[in-house]
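A.B. asks: This is the structure I want to talk about, given as structure tokens.
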Amino acid sequence: MTAAQELAFAGLARQAELVSSGEVSSRELTELYLERIARLDSQLNAFRVVFAERALTEADQADGRARSGDRRPLLGVPVAIKDDSDVAGEVTALGTNAHGGPVSADSEVVRRLRTAGAVVIGKTNVPELTIVPFTETPTFGTTRNPWDLQRTPGGSSGGTAAAVAAGLVGGALGSDGGGSIRIPAACTGLFGLKPQRDRVPTAPAVDPWHGLSVFGPLTRRVADTALFLDAVSEGAEPLMPAVERAPRKLRIAVSLKVPPPITAAADVEQREAVFDAVELLRSLGHDVIERDPDYGQVTLSFSARYLSGIRDEARRMEHPERLARRTRGYARMGSLIPAATLAKARAAEAQDARRLNAIFDDVDVVLTPMFTRRPIPIGEYEGRSALWTFNGTGRWVPFCEAWNVIGQPAASVPMGFAADGFPRAVQFMGRRADEATLVSLAAQIEAERPWADRLPPFAAG
């Protein structure tokens, strides 16, 4: 790699060290990313809007603070914001032109990133109303995967993932209401941790998607995620120490079971990623057993909350008539869910949690595939109805949503590459509020099988 590439792909933690030591200025780093965005993003479409002048001003301010001895954790490091979080003075478009005007204040998580010293470089594209696990919209176009421009980078944090994977920014904010951090991370060779519900504030949103959705980062390295989450969390165990701490011998359950009533199965490529993970874990001294979580009817509980959340989001739009046909179809599906059914789904969370957590009486971590097949081609659902898309994408990504229902941490961890060089991934889930074990285990895997130095062919320019 060239020196510029090394800096672009160094990750948040290393970049923060370089700015703090004075080896690199925040302006140099921000200019590097702005140049890469200008040169590469016309093909990726990761960013909806780039704040070039504002970011350079923030970078100059950060450099001044660094010279005066300020040691904020993300001082001078550029980050991107998924376009479902508010940035003061900008619209929160949510992948649609049905939105209202500019917002007056940053969301709480963006405010905390600024307090930590981060430079906000732009907002990344999402599917309309962040509904689907691919990022294609009539308003803002198609976002592509830098590992294969004919495949999706996932969704709904698809622009976030594409930007980080292509070295257009060192790390970025995403959100996850049914896999929307983990899915894009797995599509693009990144580490993606969905944190415990309430670790990261969602304000001004209250109980987004009826408790399913949380905020968190997508990054190239485990340490970058830990640094980011420590900067925006309050009252939670710091995660940076877990990066350096080897996990104790863990008991890990591996499961290929697809939660009912979904009918699907992981294909050979996805199963091989799981089997490779099992082999690696055993070589690291962990005890791996076959054990399926008791999913019960958690998929039905998820569907009621998910579709009701879409209905509510559509009703909040200032110009709902501008929503795409498929989005209106999802909202209609949500409108068919009675209030009593939604209340029953929320009330079932405690029972769902007890049933799913029973597996943790015997194991520390659960391992599953991320997908049933490789990330889908661009346009696979073009022109399809909401119901067709809902059923089809559910068969592609069935392993994520249970952990949103009960709010517990889950992570997508890179697990090598297919024969043609496309990244593979697996999913790990942990006990309530036990992100530290997932971070420690992921860091151990990263040290043994490094993934971050392998760049997408498209991004090597």
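A.B. asks: Do any helices (runs of 4 or more DSSP H) entirely within region 25-143 hold 2 or more residues that are over 30 Å from E401 (Cβ atoms) and in contact with a Pro (Cβ under 7 Å, 6 or more places away or on another chain), and if so, which?
C.D. replies: Because the criterion is at least 2 residues that are over 30 Å from E401 (Cβ atoms) and in contact with a Pro (Cβ under 7 Å, 6 or more places away or on another chain), the helices (runs of 4 or more DSSP H) in region 25-143 that meet it are 26-44.
A.B. asks: Now for a separate question. Give region 33-49 a look and list any residue that's surrounded by fewer than 20 Cβ atoms within 10 Å (Cβ to Cβ), aliphatic (A, V, I, L, M) and in contact with a helix residue (DSSP H, G or I) (Cβ under 8 Å, 6 or more places away or on another chain), or say none.
C.D. replies: L40, the sole residue that qualifies.
A.B. asks: Another question about this same structure. Which residue pairs have Cβ atoms closer than 8 Å, lie 6 or more positions apart in sequence or on different chains, and pair a first residue in region 37-55 that is within 13 Å of N145 (Cα to Cα) and touching a residue at least 60 places away in the same chain (Cβ under 8 Å) with a second residue that is surrounded by fewer than 22 Cβ atoms within 10 Å (Cβ to Cβ) and among the hydroxyl-bearing types (S, T, Y)?
C.D. replies: Close Cβ pairs satisfying both conditions: N45/T142.
A.B. asks: Would you point out the residue of region 435-461, among those that are charged (D, E, K, R) and closer than 21 Å to V278 by Cα, that is surrounded by the most Cβ atoms within 10 Å (Cβ to Cβ)?
C.D. replies: Going through region 435-461, the residues charged (D, E, K, R) turn out to be 435, 446, 448-449, 453-454.
Of the ones still in play, those that are also closer than 21 Å to V278 by Cα are 435, 446, 448-449.
Numbers: E435: 27, E446: 19, E448: 11, R449: 14.
Selected residue: E435.
A.B. asks: Given A418, A447, A436, which one is of a type outside the set (K, R), farther than 30 Å from G309 by Cα and touching a residue at least 60 places away in the same chain (Cβ under 8 Å)?
C.D. replies: Just one listed residue meets the conditions, A418.
A.B. asks: Here's a follow-up. Taking the conditions exactly as written (buried (at least 19 other Cβ atoms within 10 Å of the Cβ) and over 26 Å from the mean Cα position of the chain (by Cα)), does H286 satisfy them or not? Spell out the reasoning first.
C.D. replies: Details: buried (at least 19 other Cβ atoms within 10 Å of the Cβ): yes; over 26 Å from the mean Cα position of the chain (by Cα): yes.
When the stated conditions are applied, H286 passes them.
A.B. asks: Of all residues being closer than 22 Å to A324 by Cβ and among the aliphatic types (A, V, I, L, M) in region 76-97, which is surrounded by the most Cβ atoms within 10 Å (Cβ to Cβ)? Just the residue, please.
C.D. replies: L94
A.B. asks: Taking the stated definitions as given, is V254 in contact with a Lys or Arg (Cβ under 9 Å, 6 or more places away or on another chain) and surrounded by fewer than 24 Cβ atoms within 10 Å (Cβ to Cβ)?
C.D. replies: yes
A.B. asks: Restricting attention to helices (runs of 4 or more DSSP H) lying wholly within region 363-461, give those where 2 or more residues are of a type in the set (S, T, N, Q).
C.D. replies: Result: 386-396, 435-448.
Each reported figure results from applying straightforward, stated rules to the coordinates on display, with no laboratory input. All values reported here derive from a predicted model rather than from experimental measurement. Note: ideal-geometry Cβ built from the backbone for every residue, glycine included; neighbour counts use all protein chains shown.
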